[in-house]
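**Student:** I have a structure I would like to understand better, so I am pasting it below and will then ask my questions one at a time.
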Amino acid sequence: MSDVQDDGWWYCLRHNRVEHGAGCPNSQRLGPYEDEATAARALSIAAERNEAWEEQEEDEGKG
């Protein structure tokens, strides 16, 4: 199985830019996302998710 998908929008961590379709290996990208604008926000989305997970872990640890 190939490490690169030919569809969707991705944020390439190696080149710090949005890619559409085949590009860098998926292991070096975030996505796929439904559109270019969402892929451009990939780092913000990841940071928001990480913060939510950390808050959830803190809440679970208080119980």
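The values are calculated or read from the model by the stated rules, or taken from the named source; none is laboratory data. Values in this document were obtained by computation on a predicted structure and should not be read as measured data. Cβ sites come from the backbone with ideal geometry, for glycine too, and all protein chains shown count toward neighbours.
**Student:** For segment 26-44, which positions are part of a helix (DSSP H, G or I) and hydroxyl-bearing (S, T, Y)?
**Tutor:** If the condition is that a residue be part of a helix (DSSP H, G or I) and hydroxyl-bearing (S, T, Y), then S27, T38, S44 are the ones that fit.
**Student:** When segment 19-48 is examined, which residues are found to be in contact with a His (Cβ under 9 Å, 6 or more places away or on another chain) and among the charged types (D, E, K, R)?
**Tutor:** Scanning segment 19-48 gives a single hit, E36.
Results for (1) surrounded by 16 or more Cβ atoms within 10 Å (Cβ to Cβ); (2) part of a helix (DSSP H, G or I); (3) at pLDDT 95 or above, shown as yes or no for each residue.
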position: H15; (1), (2), (3): no, no, yes
position: A22; (1), (2), (3): no, no, no
position: A46; (1), (2), (3): no, yes, yes
position: E51; (1), (2), (3): no, yes, yes
position: Q56; (1), (2), (3): no, yes, no
